1. Neighbour counts of other C-beta atoms within 10 Å: give me His101, His222 arranged from fewest to most.
2. If R₀ is 35 angstrom, what is the calculated FRET efficiency for the pair Asp94 and Thr339, using the beta carbon separation as r and rounding to 0.05?
3. Mind jotting down the distance between the C-alpha centroids of the range 47-71 and the range 190-218, whole Å?
4. If a/c stays under 1.5 just call it rounded; otherwise compare a/b with b/c (prolate if a/b is bigger, oblate if not). Do that for the range 132-239, with a ≥ b ≥ c from the square roots of the Cα gyration tensor eigenvalues.
5. Using the count of nearby Cβ atoms within 10 Å as a rough guide to exposure, how do Trp114, Trp11, Trp24 rank from fewest to most?
6. May I ask you to derive the FRET efficiency for Gln83 and Ala57 from their Cβ-Cβ distance with R0 = 25 Å, giving the value to the nearest 0.05?
7. Work out, step by step, the length gained on full extension between Arg256 and His76: first 0.36 nm times the residue separation, then minus their alpha carbon distance; give nm to one decimal.
8. How far, in degrees from 0 to 90, does helix 313-322 lean away from the longest principal axis of the Cα atoms of the chain, to the nearest 10?
Amino acid sequence: MSVQGQTIIQWFEQFSPKHLAEDWDKVGLQIGTLQKEISRVLVTLDITPEVVDEAIAKKAELIIAHHPVIFQSLKHLRTDLPQGKIYEKLIKQDIAVYTAHTNLDITEGGVNDWLAEALQLKDITLLTTTYQEPLKKLVVFVPLYHEGQLRDALGKSGAGHIGQYSHCMFATQGVGSFLPGEGTEPFIGKQGTIEKVDEVRLETIYPASLEKKVLQAMFNAHPYEEVAYDIYPVQQVGKNLGLGRVGKLSQEYTLREFAEHVKENFQIQTCRVVGDLDKTVKKVAVLGGSGSKYLYAALHSGADVYVTGDLDFHTAHDALLKGLALVDPGHHVEKVMITGVQRVLEQFANKAGQKLEVLASEVDTEPFTFL
């Protein structure tokens, strides 16, 4: 069996929407088409010649990568140059490439949560907020005896969620009236006669990103042929989403011990450390990729140690001066996304009753060799 490529990406974007990506980022379909049947997906951190060969050998029709295969604008597409050869082989083999970068870092349950999970952190919060989810308000009128059915359907679709509470709605009773015209098939009343019905005005909020799902649930659960409803913008915002995570370790470590903990749980050979190796650490900030620019966010979070990649010399001196320990395990620890995305897609496919083989790339794309 196989699944339409567009369906696979619709599943994935429910988990990691493209609109979460930073403005400078390049995410989405980069090479090929999704208008085809796909039976195998290969998930990788980077796309290298070896990864492309792996996709061909494993007969994958789609690659989902974290780092964009096309980032800078192309001035030419030369197949006699190394990068051009990658594009040529992908196109000739009809392998599509889809990239999820900062949106996968930011999304709830994405890269930064997988990193925090690998470090066994608890009581996790955001390091820095990059996106506040807009909310809208739905007002819908429903016959009195169908209120419960509609309330339940809206709640299950994601409407009415406030903090840890779900199905949050407000109802007021009144009398609705309507005149069914020619060609109608009214649920209540008959053509040509004004009908008055005891109705409920049901009000609830929902994340703007769920509008299609919420409205579809409303139409499916509502008994009327024509549903009377209104949608309003509201000033409140929903969830805060962002880069990095802050959490606590289950026990105190010295910085030296914590560095070993990082190496063991990220399955890496070595890491760079800044700070007093005998310092006690308990609260940890972690951010996948290059995190130098978020040093002050880590400081303000109250973290004892900041774990991130690609730290530069001057950032290390700033942290040392301010008493914040650093552990740099390298950019490549974002490879946690490979098994993370694999699990996500397998869960969507199983829920949909579809058979889809999601493969974790076995190619090591770490460019550095540690001697």
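Bear in mind these aren't lab numbers, they're just calculated from the coordinates by the rules spelled out. Remember, it's a predicted structure, so these values are computed and weren't measured experimentally. Here the Cβ positions follow ideal geometry from the backbone for every residue, glycine too, while neighbour counts run over all protein chains shown.
1. His222, His101
2. Efficiency for this residue pair is about 0.85.
3. Using only Cα atoms, the two centres lie 46 Å from each other.
4. On the way: a/c = 2.42, a/b = 2.19, b/c = 1.11.
Note, shape of the range 132-239 comes out prolate.
5. By the 10 Å Cβ count, ascending, the order reads Trp24, Trp11, Trp114.
6. FRET efficiency, Gln83 to Ala57: 0.75.
7. Details: separation 180, 0.36 × 180 = 64.80 nm, distance 4.87 nm.
Once the chain is fully extended between Arg256 and His76, it gains 59.9 nm.
8. Long axis of 313-322 versus the principal axis of the chain: about 80 degrees.
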